Amino acid sequence: MTKIITHSGIAHLDDFLSVCLILYKDNTVDSILRRAEVSEEELKDATTWKVDVSETHDPDIKAFDHHQEGISDCSFSLLLKYWGMWERANIVYAWIPTLVEIDTLGIGAFLKPQGISFEVYFQLDSFIKTAFLEIFQKYKKIERHNNKHKLLFLVMKQIGKEFFQGISTYENIVNDFKSNLDVQFISKQGIEEDPKKGILVLLYLTEAPKYSVHLFKIFQKYKTEQFPDIRKGWITAFTYDRPQNTISLKRHGDGKNIDLFRLSGLEKTHFAHRKGFTATVARMSAEELYTYIQHALI
């Protein structure tokens with residue numbers, strides 16, 4: 001029987017997420033133990049994962065603690081480096097360096113140099129995160145086959161799965177994005193050769209929608225890298241499946257010259273938000289879509 005041992009007491013994202021990743025990576029794990037110490041036998045046992053406890057970092061015996069001198073990582077980052085996923089994960093999940101710094105330095109030491117108050121930090125805190133941590137820390141032992149624990153065990157394993165699949169999904173979309181991206185500058189008169197005369201429009205139109213939570217970040221990164229000097233509003237368009245066979249339009253930046261609600265009266269518009277920052281239209285040719293975008297310009 002394979003087990004994971006992590007510390008007892010207050011749970012943090014470091015130990016919680018570390019356990020989630022291990023549950024996905026190691027299908028032989030049957031139980032999670034939360035306690036302050038590990039025995040000498042458990043420390044040497046290479047089938048027992050030690051996470052954020054034991055004061056030892058030694059991948060050969062699956063010990064991933066970071067409370068020793070000279071280690072600037074947390075257990076979560078030690079595991080990612082062990083699996084060779086550190087660089088790839090950081091590209092996809094911008095919150096990882098923050099997690100590491102808060103866990104290793106403490107919240108106060110992290111916030112002060114950033115000029116962020118505790119009040120702002122608490123306003124941005126996630127209820128979902130807090131709820132999972134509080135549920136996790138209620139247990140001293142979580143077993144795969146115990147009916148009282150089974151749901152939490154499976155949910156944590158699914159979180160680990162989603163983390164790694166999110167990296168693959170992001171990388172696949174980036175590759176597809178590069179192949180299918182179309183960049184245009186559109187004014188009320190039509191497509192413009194001179195960027196100064198039109199608004200930037202990034203179109204990612206595919207036969208099968210590739211939408212994910214990462215797509216906005218991919219758009220934003222491309223715009224920042226390729227058109228850093230554009231300050232006025234710009235538009236993204238991508239194939240969508242809610243409802244099926246549609247295209248989603250989003251306004252970004254200074255929206256004074258773009259009002260997507262103006263599309264609400266057009267025949268192929270499914271939805272246009274009254275505040276003008278998003279709209280959904282039927283699947284159509286790029287040329288027809290350009291005319292819809294022109295209609296949204298003020």
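The values are calculated or read from the model by the stated rules, or taken from the named source; none is laboratory data. Here the structure is a predicted model, which is why all the values come from computation and not from measurement. In this analysis, Cβ positions are derived from the backbone assuming ideal geometry, glycine residues included, and neighbour counts consider all displayed protein chains.
Could you tell me how many of the residues in segment 145-182 are crowded, with 16+ Cβ neighbours inside 10 Å, touching a strand residue (DSSP E or B) at 6+ places or on another chain (Cβ under 9 Å) and over 30 Å from residue 286 (Cβ atoms)? Qualifying residue count for the region: 5. Does residue 60 satisfy the criteria of being surrounded by 22 or more Cβ atoms within 10 Å (Cβ to Cβ) and assigned to a helix (DSSP H, G or I)? So residue 60 does not fit the description; no.
Report whether or not residue 167 is among the β-branched types (Val, Ile, Thr) and closer than 30 Å to residue 23 by Cα. The answer is yes for residue 167. Considering only segment 186-199, I want to know if a residue exists there that is surrounded by fewer than 17 Cβ atoms within 10 Å (Cβ to Cβ), in contact with a strand residue (DSSP E or B) (Cβ under 6 Å, 6 or more places away or on another chain) and in the same structural domain as residue 77 (by TED's automatic domain parsing). No, every residue in segment 186-199 fails to be surrounded by fewer than 17 Cβ atoms within 10 Å (Cβ to Cβ), in contact with a strand residue (DSSP E or B) (Cβ under 6 Å, 6 or more places away or on another chain) and in the same structural domain as residue 77 (by TED's automatic domain parsing). Checking each residue in segment 228-245 for being of a type outside the set (A, V, I, L, M) and touching a helix residue (DSSP H, G or I) at 6+ places or on another chain (Cβ under 8 Å) picks out 234, 236, 238.
Taking segment 123-151 as the region of interest, how many residues are part of a strand (DSSP E or B) and either touching an Asp or Glu at 6+ places or on another chain (Cβ under 9 Å) or outside the structural domain of residue 11 (by TED's automatic domain parsing) (or both)?
So the count comes out to 1.
Please go through segment 92-104 and give me each residue that is surrounded by 15 or more Cβ atoms within 10 Å (Cβ to Cβ) and not hydroxyl-bearing (Ser, Thr, Tyr), ordered by number. Write out each step before concluding.
So in segment 92-104, the residues surrounded by 15 or more Cβ atoms within 10 Å (Cβ to Cβ) come out as 92-93, 96, 99-104.
Result: 92, 96, 99, 100, 101, 102, 103.
The residues in segment 1-45 that are touching a strand residue (DSSP E or B) at 6+ places or on another chain (Cβ under 6 Å), assigned to a loop (DSSP other than H, G, I, E, B) and crowded, with 21+ Cβ neighbours inside 10 Å can be counted, and the count is 1.
Pairs linking a residue in segment 175-200 that is at positive phi to a residue that is modelled with pLDDT of 95 or more and of a type outside the set (Asp, Glu), with Cβ atoms under 9 Å and 6 or more positions apart or on different chains, are 190/198; 190/290; 190/291; 190/294. For segment 275-296, state whether one or more residues are assigned by TED's automatic domain parsing to the domain that holds residue 197, under 20 Å from residue 189 (Cβ atoms), surrounded by 15 or more Cβ atoms within 10 Å (Cβ to Cβ) and of a type in the set (Ser, Thr, Tyr). Looking through segment 275-296, at least one residue is assigned by TED's automatic domain parsing to the domain that holds residue 197, under 20 Å from residue 189 (Cβ atoms), surrounded by 15 or more Cβ atoms within 10 Å (Cβ to Cβ) and of a type in the set (Ser, Thr, Tyr).
Taken together, 252, 214 contain a single residue that is under 30 Å from residue 88 (Cβ atoms), touching a Phe, Trp or Tyr at 6+ places or on another chain (Cβ under 6 Å), crowded, with 17+ Cβ neighbours inside 10 Å and in contact (Cβ under 8 Å) with a residue 60 or more places away in the chain, which is 214. For segment 255-272, a residue qualifies if it is assigned to a loop (DSSP other than H, G, I, E, B) and buried (at least 17 other Cβ atoms within 10 Å of the Cβ), and the qualifying residues are 255, 259.
Rundown of residues vs (1) closer than 30 Å to residue 215 by Cα; (2) at pLDDT below 95; (3) polar (S, T, N, Q); (4) in the same structural domain as residue 20 (by TED's automatic domain parsing), yes/no style:
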position	(1), (2), (3), (4)
63	no, no, no, yes
77	yes, no, yes, yes
94	yes, yes, no, yes
100	yes, no, no, yes
106	no, yes, no, yes
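Residues of segment 4-14 that are farther than 11 Å from residue 32 by Cα and not small (Gly, Ala, Ser): 10, 12, 13, 14. The condition (being in contact with a Leu (Cβ under 9 Å, 6 or more places away or on another chain), at pLDDT 95 or above and not charged (D, E, K, R)) is satisfied by just one residue among 282, 237: 237. Tell me which residues, restricted to segment 184-224, are farther than 20 Å from residue 259 by Cα and assigned to a strand (DSSP E or B). 204 - this is the single residue of segment 184-224 that is farther than 20 Å from residue 259 by Cα and assigned to a strand (DSSP E or B). As a summary of the residue check, residue 121 satisfies the conditions (1) surrounded by fewer than 15 Cβ atoms within 10 Å (Cβ to Cβ); (2) within 20 Å of the chain's Cα centre (by Cα); (3) at pLDDT below 95 except for the one numbered (1).
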